[in-house]
Amino acid sequence: MAVSTCVVLGASACGPEKPGEDTSPAAKPSQSSQRPRSEEPSASPRTEKPSAEPTGNGSAPKTKEGAIQRYEQYLQAVGREDIATVCEVAGPAAKQAEDQGFGPCTSTFVVTFQMISPAQKKALRTATVDPQRVDEPTPAKVEIPTAAIRASVTFSESELGNSTLEYLKDNWYVTD
């Protein structure tokens, strides 16, 4: 299994996960035929369409701790298959991938959810981040390596990938 940031965010610049693997948008399964059933529905299902652009919904402190809290929200949403929250937090990165020829976030993440094992999804639902391992190159940017993720299952860099969050429109968003 290879659920790297490339796959999670659909970034075409990452290239094939395996030699010879076709990662073109045409090679991706369609959303309608490949949508898995969620093991646990979101506590409060959202019916509005998620935006790929930062919306500024709510706000988080412009601190390393605020970024960590937002990333934990994202990881836990991936574990719950909460597409609305995932696409909200990863909106800028998803928009960049879409501009590079991949489908919208709601389609690309459905494929990603299928690549994560049930044990990994369960672990992500309670995942936290070790602040000691988070780098803050600027007050508006943090880098979270895979090694900072604390969960009941260990994730390798090739499975989950490293993430960059940036402070945009009063909140933290995954940008890479």
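The values are calculated or read from the model by the stated rules, or taken from the named source; none is laboratory data. If you're wondering where the values come from, they're calculated on a predicted model, not measured in any experiment. Neighbour counts are summed over all protein chains in view; Cβ atoms, including those assigned to glycine, are modelled from backbone coordinates with ideal geometry. In case anyone asks, the SASA skips ligands and DNA or RNA and just uses the protein heavy atoms, side chains included. Shrake-Rupley method; radii C 1.70, N 1.55, O 1.52, S 1.80 Å.
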Quiz item: Looking at region 76-84, is at least one residue at pLDDT below 90 and touching a helix residue (DSSP H, G or I) at 6+ places or on another chain (Cβ under 9 Å)?
Solution: no
Quiz item: In region 155-162, is there at least one residue being touching a residue at least 12 places away in the same chain (Cβ under 8 Å) and in contact with a Lys or Arg (Cβ under 8 Å, 6 or more places away or on another chain)?
Solution: no
Exercise. Give the number of residues within region 109-145 that are open to solvent by 20 Å² or more (accessible area, probe 1.4 Å) and either assigned to a loop (DSSP other than H, G, I, E, B) or over 21 Å from ASN171 (Cβ atoms) (or both).
Key: 15
Quiz item: Yes or no: ALA148 among the aliphatic types (A, V, I, L, M) and either closer than 23 Å to GLY66 by Cα or surrounded by fewer than 16 Cβ atoms within 10 Å (Cβ to Cβ) (or both)?
Solution: yes
Quiz item: Mind checking which residues of region 70-81 are open to solvent by 30 Å² or more (accessible area, probe 1.4 Å) and within 16 Å of LEU168 (Cβ to Cβ)?
Solution: GLN73
Quiz item: What number of residues in region 96-138 are of a type in the set (Val, Ile, Thr) and at pLDDT 95 or above?
Solution: 5
Quiz item: If you take the residues in region 82-105 that are assigned to a loop (DSSP other than H, G, I, E, B) and touching a residue at least 60 places away in the same chain (Cβ under 8 Å), which one is surrounded by the most Cβ atoms within 10 Å (Cβ to Cβ)?
Solution: ALA90
